[in-house]
Amino acid sequence: MVSLLDTLNSMRERHDGGLMNFENKIRNTPLLVLDDLGAEYDHTFIQAKVDAIIAERYNRMKATIITSNLPPKDILDRYQLRIFDRLKSTNKLLVFSGPSLREYEE
(Lines give C-alpha, C1' and ligand atoms only; values in the text may rest on other atoms or scores of the structure.)
Protein backbone atom coordinates (compact mmCIF):
# COMPACT_ATOMS: atom_id res chain seq x y z
CA MET A 1 0.00 0.00 0.00
CA VAL A 2 2.70 2.48 0.92
CA SER A 3 4.64 2.17 -2.34
CA LEU A 4 1.45 2.06 -4.43
CA LEU A 5 0.18 5.27 -2.90
CA ASP A 6 3.61 6.92 -3.05
CA THR A 7 3.57 6.16 -6.78
CA LEU A 8 0.07 7.61 -7.18
CA ASN A 9 1.04 10.69 -5.22
CA SER A 10 4.20 11.34 -7.26
CA MET A 11 2.36 10.74 -10.56
CA ARG A 12 -0.31 13.30 -9.75
CA GLU A 13 2.34 16.01 -9.60
CA ARG A 14 3.57 15.28 -13.16
CA HIS A 15 0.37 16.19 -15.06
CA ASP A 16 1.38 13.98 -18.00
CA GLY A 17 -1.54 11.55 -18.11
CA GLY A 18 0.48 8.79 -16.46
CA LEU A 19 -1.68 8.86 -13.33
CA MET A 20 -4.87 8.11 -15.26
CA ASN A 21 -3.21 5.24 -17.16
CA PHE A 22 -1.82 3.77 -13.94
CA GLU A 23 -5.17 4.06 -12.15
CA ASN A 24 -6.91 2.36 -15.08
CA LYS A 25 -4.51 -0.59 -14.75
CA ILE A 26 -5.30 -0.83 -11.04
CA ARG A 27 -9.04 -0.68 -11.69
CA ASN A 28 -9.02 -3.24 -14.50
CA THR A 29 -6.50 -5.88 -13.47
CA PRO A 30 -8.32 -9.18 -12.85
CA LEU A 31 -6.80 -9.59 -9.37
CA LEU A 32 -5.37 -6.83 -7.20
CA VAL A 33 -3.56 -7.54 -3.93
CA LEU A 34 -3.43 -4.60 -1.52
CA ASP A 35 -0.84 -5.53 1.06
CA ASP A 36 -0.90 -3.83 4.46
CA LEU A 37 -4.00 -1.66 4.16
CA GLY A 38 -3.79 1.07 6.76
CA ALA A 39 0.00 1.38 6.69
CA GLU A 40 -0.23 4.27 4.24
CA TYR A 41 -0.06 7.88 5.33
CA ASP A 42 -3.26 9.30 6.79
CA HIS A 43 -3.88 12.02 4.20
CA THR A 44 -7.08 13.14 2.45
CA PHE A 45 -5.72 12.43 -1.06
CA ILE A 46 -4.53 8.97 -0.02
CA GLN A 47 -7.82 8.03 1.66
CA ALA A 48 -9.75 9.29 -1.38
CA LYS A 49 -7.60 7.13 -3.68
CA VAL A 50 -7.98 4.02 -1.52
CA ASP A 51 -11.74 4.56 -1.39
CA ALA A 52 -11.89 5.12 -5.17
CA ILE A 53 -9.85 2.00 -5.95
CA ILE A 54 -11.95 -0.24 -3.69
CA ALA A 55 -15.26 1.25 -4.88
CA GLU A 56 -14.33 0.97 -8.55
CA ARG A 57 -13.18 -2.63 -8.20
CA TYR A 58 -16.35 -3.46 -6.26
CA ASN A 59 -18.52 -1.92 -8.99
CA ARG A 60 -16.63 -3.80 -11.72
CA MET A 61 -16.80 -7.06 -9.73
CA LYS A 62 -13.01 -7.41 -9.78
CA ALA A 63 -11.26 -9.65 -7.26
CA THR A 64 -9.26 -7.87 -4.56
CA ILE A 65 -7.24 -9.44 -1.77
CA ILE A 66 -6.45 -7.17 1.16
CA THR A 67 -4.07 -7.75 4.03
CA SER A 68 -3.91 -5.51 7.09
CA ASN A 69 -2.60 -5.42 10.61
CA LEU A 70 -5.60 -3.28 11.55
CA PRO A 71 -8.58 -4.80 13.32
CA PRO A 72 -11.93 -4.23 11.57
CA LYS A 73 -12.86 -1.40 13.99
CA ASP A 74 -9.76 0.58 12.98
CA ILE A 75 -10.47 0.06 9.28
CA LEU A 76 -14.00 1.33 9.88
CA ASP A 77 -12.64 4.40 11.69
CA ARG A 78 -10.08 5.16 8.99
CA TYR A 79 -12.09 4.68 5.78
CA GLN A 80 -15.58 5.62 4.66
CA LEU A 81 -18.45 3.49 5.95
CA ARG A 82 -19.52 2.49 2.43
CA ILE A 83 -16.01 1.16 1.71
CA PHE A 84 -15.99 -0.82 4.95
CA ASP A 85 -19.42 -2.26 4.09
CA ARG A 86 -18.23 -3.25 0.61
CA LEU A 87 -15.17 -4.95 2.01
CA LYS A 88 -17.24 -6.73 4.63
CA SER A 89 -19.88 -7.91 2.15
CA THR A 90 -17.48 -9.17 -0.53
CA ASN A 91 -14.57 -10.56 1.47
CA LYS A 92 -13.96 -13.34 3.91
CA LEU A 93 -12.15 -12.23 7.04
CA LEU A 94 -9.29 -14.47 8.09
CA VAL A 95 -7.65 -13.62 11.40
CA PHE A 96 -4.15 -14.78 12.17
CA SER A 97 -2.96 -14.20 15.70
CA GLY A 98 0.19 -14.91 17.60
CA PRO A 99 3.29 -13.22 18.87
CA SER A 100 5.21 -10.86 16.60
CA LEU A 101 8.16 -12.42 14.79
CA ARG A 102 9.90 -9.06 14.55
CA GLU A 103 12.94 -8.73 16.73
CA TYR A 104 13.08 -5.65 18.92
CA GLU A 105 14.72 -4.59 22.13
CA GLU A 106 12.62 -3.75 25.14
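For the reader, a short list of remarks on this structure follows.
- Mean Cβ count within 10 Å, highest first, over the residues of peptides 25-34, 88-97: 25-34, 88-97
- For q = 0.27 Å⁻¹, Debye-computed log10 I/I(0) when each Cα of the range 36-97 counts as one equal scatterer: -1.43
- Candidates Glu13, Glu56, Glu23: whichever shows maximal mean-square fluctuation once the chain is modelled as a Gaussian network with Cα springs under 10 Å: Glu13
- Straight-line reach from Lys73: taking Cα to Cα under 29 Å and skipping same-chain neighbours fewer than 8 places apart, the lysines in range are Lys49, Lys62, Lys88, Lys92.
- Direction-averaged projected area, Cα convex hull, the chain: 8.2 nm², rounded to one decimal.
- Overall, the chain carries a charge dipole of about 760 debye about its Cα centre when +1 sits on the Cβ of Lys and Arg and -1 on the Cβ of Asp and Glu, all other atoms neutral.
- Whole-angstrom gap from the range 21-64 to the range 75-106, using each part's C-alpha centre: 16
- Integer Hz, Karplus 6.51/-1.76/1.60 couplings in order for the range 5-13, x for Gly and Pro: 6, 4, 4, 4, 5, 5, 5, 5, 7
- Solvent-accessible area of Tyr58 with every protein chain in place, 1.4 Å probe, in Å² to the nearest 10: 90
The values are calculated or read from the model by the stated rules, or taken from the named source; none is laboratory data. Everything numeric in this text was worked out from a predicted model, so none of it was measured. FYI the Cβ positions are ideal-geometry reconstructions off the backbone, even for glycines, and counts take in every protein chain you see. These area figures cover heavy atoms from the full protein model, side chains too; ligands, DNA and RNA do not enter into them. Shrake-Rupley method; radii C 1.70, N 1.55, O 1.52, S 1.80 Å.
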